[in-house]
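Colleague: Okay, handing you the structure first.
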Amino acid sequence: MAPRGGLEPPTNGLTGNKSNATHKNALDTVQDYLIMLLFTGLRPSEGINLEWSNIDFKNKLLNITDTKNHEDHTLLLSEYIINLLLKRKSESKGKFVFPGYNPNKFFNSILIF
């Protein structure tokens, strides 16, 4: 049954629980990405391209290379962000901190901008 207005919600080819889980994972990724930007001051492109290799969990550091001004940048991370990243890392299946539906590719910024 179509919702009011007669438009069917978009589908991604998935059904039932798998579709809901995929949607929830995407929402969690976007939420964590935005929190990361707010707490660190990263540019959107720096956050999207963030890889696990950029994070030094032992020293709580984030290393950004190839910045807009062409200088490497190192940030000290708060406990809150470290915990957020550790949770993401425990569920990670690829090299990107904020992956798209394919864990080996970053998510598309068009989702939020």
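Colleague: Among the residues of region 30-60, which ones are closer than 21 Å to GLU71 by Cα and of a type in the set (D, E, K, R)?
Modeller: ARG43, GLU46, GLU51, ASP56, LYS60
Colleague: Would you confirm whether or not region 5-16 contains a residue that is surrounded by 12 or more Cβ atoms within 10 Å (Cβ to Cβ) and modelled with pLDDT of 50 or more?
Modeller: At the first step, the residues of region 5-16 found to be surrounded by 12 or more Cβ atoms within 10 Å (Cβ to Cβ) are 14.
Filter once more, so that each one left must be modelled with pLDDT of 50 or more: none.
Among the residues of region 5-16, not one is surrounded by 12 or more Cβ atoms within 10 Å (Cβ to Cβ) and modelled with pLDDT of 50 or more, which makes the answer no.
Colleague: Contact list please: Cβ distance under 7 Å, first residue in region 68-97 and among the acidic types (Asp, Glu), second residue surrounded by 10 or more Cβ atoms within 10 Å (Cβ to Cβ), pairs at least six apart or on different chains.
Modeller: Every condition considered, the pairs that remain are ASP72/ASN63; ASP72/ILE64; ASP72/THR65.
Colleague: Here's a follow-up. Being among the polar types (S, T, N, Q) and either within 12 Å of PHE98 (Cβ to Cβ) or touching a strand residue (DSSP E or B) at 6+ places or on another chain (Cβ under 7 Å) (or both) is the filter here, so list the residues in region 46-78 that pass it. Don't jump to the end; show me each part of the working.
Modeller: Here is the first cut: in region 46-78, the ones among the polar types (S, T, N, Q) are 49, 53-54, 59, 63, 65, 67, 69, 74, 78.
Hits for region 46-78 are ASN49, ASN54, ASN63, THR67, THR74.
Colleague: Scan region 58-113 for residues that are among the polar types (S, T, N, Q), more than 15 Å from GLN31 (Cβ to Cβ) and modelled with pLDDT of 90 or more and jot them down.
Modeller: Once the filter is applied, which keeps residues that are among the polar types (S, T, N, Q), more than 15 Å from GLN31 (Cβ to Cβ) and modelled with pLDDT of 90 or more, region 58-113 yields ASN59, ASN63, THR74, SER78, SER90.
The values are calculated or read from the model by the stated rules, or taken from the named source; none is laboratory data. Since the model is a prediction, treat every value here as computed from it, not as a measurement. Neighbour counts run over all protein chains shown; Cβ positions are idealised from the backbone, glycine included.
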